[in-house]
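First comes the structure, then the notes that go with it.
The values are calculated or read from the model by the stated rules, or taken from the named source; none is laboratory data. Since we're looking at a predicted model, the values are computed, not measured. So basically every Cβ, Gly included, is an ideal-geometry build from the backbone, and we count neighbours across all protein chains shown.
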């Protein structure tokens, strides 16, 4: 009868000082809590057979499931009148820690460009209005018998 060695090659690469014994399963030190929780629910032989690379990919795959504290977290329900139905809503605002896809990067770049352009346009309009009001206050007429009426409107405020 052949005895089967259940130690994998990755077990021989692990250093005892880097390992932490949690329950029955030996989990490498420094693993995120989500990975530890998953490994604890597996049979010992399987949990200890993961390589560091596999554990890193497992953490990446589980990363989308981790919940962080949001800056704004509003969750509630409300009933529809004259109906037994209740509806819930969730409004979350917080920093995005995920990497953006190319499409999201393009949308983000376009949105940033639009916001900057609108800010520059608004600043220029406020600057031109200020210069026009200053010109009118000083009594400077660039064109005889022509007025936009802004100065008269401003004086009427």
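Listed here are the residues, each with its yes/no results for (1) over 30 Å from residue 94 (Cα atoms); (2) touching a strand residue (DSSP E or B) at 6+ places or on another chain (Cβ under 8 Å); (3) at pLDDT 85 or above.
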site: 15; (1), (2), (3): yes, no, no
site: 24; (1), (2), (3): yes, no, no
site: 27; (1), (2), (3): yes, yes, no
site: 33; (1), (2), (3): no, no, no
site: 68; (1), (2), (3): no, no, no
site: 78; (1), (2), (3): no, yes, yes
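Wholly within the range 51-157, which helices (runs of 4 or more DSSP H) include no fewer than the required count, namely at least 2 residues that are closer than 30 Å to residue 37 by Cα and under 18 Å from the mean Cα position of the chain (by Cα)?
52-63
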